[in-house]
Amino acid sequence: FWLRSPTHDKPNDMLDAISAGDIYGKKMIQSESFTELRNRWDEYPGMLKALQDRNFALGINRMVFHVFTGNPWIDRKPGMTLGGVGLFFQRDQTWWKQAKAWVEYTERCQRLLQQGRNVKDIAVFTGEEIPRRAVLPDRLVNTLPGIFGKTKIKEERKRLANEGNPVQQVPKGVKSSANITTPAAWIDPLNGYGYDSFNKDAFLRLMKVKDGNIVLPGGAVYKILVFPNLDKMNPNGNLMSLEVAEKILQLVKEGATVLLDQYPVATTGLYHYKEENEALKSVTKELFGKDIPSTGKRAFFIRHIGKGNLMIGQYPLPDFDTVHVARDVIIKNADNINAHDIAWTHRSVAGDSKDLYFLSNQRDSTAIIRFGFKIKNKLPELYDAVADKWYDCKDWYCKNGYTWITLRFDPNASWFVIFDKATQKSGVHNGNNWMAYKNVETLEGAWNVMFNKDTFRFPQLTDWTKMPQKEIKYFSGTAVYSKDFTVQNLRGKDKTLWLSLGNVKDIAQVKLNGVDCGIAWTYPYKIDITKAIREGSNHLEIEVTNTWANRLIGDSFLKPADRTTFTTAPFYLQGESLLSAGLLGPVILQSSVNN
């Protein structure tokens, strides 16, 4: 998957790998990650998190960062690149050392997401032509209009109309249709149902029916098989071989639930095609109970054949409750309206004894979300992979086969909800499932700020680009903020003390009284300082790092001999505005307790 490069992004590649891993039982599904056209030198871990989490939620559980290029020089920075393609992830990146915290977050997520198997109730047939790709969400709208809903259908009609042929430039200088479909527009496309794609090989060789479910040897379990409608760009997409039609009939008779919006039609020009067509007509009539109308709108209906259900036509209902397949997760915002900006995935571990949900807020704003998880008789626990902290769930309840939990998300934040321990409780109401923070003291006034070996006195926290000194204005790298402060009467029972950094551009490491307290690389930019703070006098150091962009922009005004930077990447920043940089605050000492 690519970063800010819609013309080169590979959503089919992603779903191909994820679906193949699921249906063939491959536990590790890895992806080349963050590839980028014309990198702008403004990339940093915090801006990458939402994209990373969205792909975790798709089903990726091992990321291969693109790209680490060998730099033969020790005196030229940024140095060697891949010609401007790819995230600059190597030793001469400004935030390379502080990226440790981001890499650790990635490791923690992957350690959990590599457990068990993906849980997805829907499997979609890719068709019989070769080559075939995984079915992207926009190709399912006509087959599952009720599941997508009226709003998404309206959005798709507008996008496909492409009125006025609007054009976008992302990245700068690379033009494409403004209405190109992007993965970001299809977060949780089936509104609480997960789906994979499956091919003819897996369908014919591997799929069997057990307890009304479709099961595969690798561990995948599906409740509904979907055979989508004809694709207008694939005029032969509704051709169906006799062996596929016979397998559908067999599975339905054995108890499977199948949605068939791909009507079998006669084939021509194949060896023995006449004999096969007669056999196909016989199977088709048994499936549909009547001859298929060749023209006109086909009404949706459900047939019970043997032990199973055959749904025929475009599915008009908002859920699959009619065939007893409830949503895996229900997601509502504070106004009880479906939330469409929460990416999620569900994994089942150790023979279904443990369930794990990963949830990601794709908004750059705070959100309070109510979740219904299709889990019962298990105790929920919360895990924050950024802070590497586990929390008891303070408020939850069970109703109608779901466990309901309300969570607060900071911008771009993520949570793991893990159901591992059996319980007979129907719920607990003992406060909120998030911390409450109380301001103790705002660290106002002057700061000493060291850029390389030169120290400047900042009367107050100021954006580096607003400073008159060019060595600060165009600075790229790490500056060290230091300040002494005095506090009294901080400690109390069950109290945790935090340093909230406010607005950080772009990543910061906090040291208090010589103790390394950690790295703030994403929202909410808070650091637990309980272990380091002391009554009375304290000495604080905050190492703040921005990106390469400002120094490169500054050097663009200089002759090559006077520049302090060197890169093999083509330069796309001439005339660009400087990026906000430094510690902008406010820096506030806070206390917290579970409320």
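The values are calculated or read from the model by the stated rules, or taken from the named source; none is laboratory data. Just so it is clear, the model here is predicted, and its values are computed rather than measured. Backbone-built Cβ (ideal geometry, glycine too); neighbour counts: all protein chains shown. Surface accessibility is based on the protein's heavy atoms, side chains included, excluding ligands, DNA and RNA. Shrake-Rupley method; radii C 1.70, N 1.55, O 1.52, S 1.80 Å.
Data overview
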| read-out | value |
| --- | --- |
| Estimated FRET transfer efficiency (GLU444, ARG408; beta-carbon r; R0 25 Å; 0.05) | 0.35 |
| 16 Å Cα-Cα reach of LYS531 towards lysines, excluding residues that sit fewer than 8 places from it in its own chain | LYS389, LYS493, LYS495, LYS511 |
| HN-Hα J in Hz across the stretch 55-62 - Karplus 6.51, -1.76, 1.60, θ = phi - 60°, x for Gly and Pro | 7, 4, 5, 5, x, 6, 9, 8 |
| Descending Cα extents along the principal axes, the stretch 304-426, whole Å | 52, 33, 23 |
| Reference-scaled alpha-carbon Rg (2.2 N^0.38 Å with N residues) for the stretch 368-485 | 1.69 |
| Efficiency of FRET from Cβ geometry, GLN250 and ALA436, R₀ 60 Å, rounded to 0.05 | 0.55 |
| Paired Rg and Dmax values of the chain, which use every Cα atom, in angstrom | 27.8, 92 |
| Straight-distance crosslink candidates among lysines, where the alpha carbon sits under 18 Å from LYS466 and sequence neighbours closer than 8 are dropped | LYS505 |
| Share of Cα-Cα pairs in the stretch 436-585 lying beyond 24 Å, as whole percent | 39 percent |
| Alpha-carbon spread of the stretch 170-211, three principal axes, descending order, Å | 53, 25, 13 |
| R0 of 56 Å, Cβ-Cβ distance ASP75-THR423: FRET efficiency to nearest 0.05 | 0.35 |
| Counted charge near VAL226, where neighbours are those whose Cβ lies closer than 13 Å (Asp, Glu -1; Lys, Arg +1) | 0 |
| Violating pairs (Cα-Cα greater than 28 angstrom) within the set LYS253/LYS425; LYS394/LYS438; LYS438/LYS473; LYS158/LYS285 | LYS253/LYS425; LYS438/LYS473; LYS158/LYS285 |
| Too-long pairs where the Cα-Cα distance tops 18 Å, listed order kept, from LYS49/LYS332; LYS332/LYS526; LYS223/LYS247; LYS150/LYS399 | LYS49/LYS332; LYS332/LYS526; LYS150/LYS399 |
| Within straight-line cross-link reach of LYS10, aspartates and glutamates at Cα separation under 15 Å, skipping those fewer than 8 residues along the same chain | GLU32, GLU36, ASP138 |
| Cleavage-rule hits (chymotrypsin sites (Phe, Trp or Tyr not before Pro)) in the stretch 43-109: DSSP loop, at most 10 neighbouring Cβ within 10 angstrom | TRP73 |
| Accessible-area composition of the stretch 360-500, carbon plus sulfur, in percent [1.4 Å probe] | 44 percent |
| Overall Cα dimensions of the stretch 75-181, principal axis frame, Å, largest first | 58, 46, 33 |
| Value of [θ]222 nm, deg cm²/dmol, for the chain, DSSP H segments ≥ 4, -39500 (n - 2.57) each, nearest 500 | -5000 deg cm²/dmol |
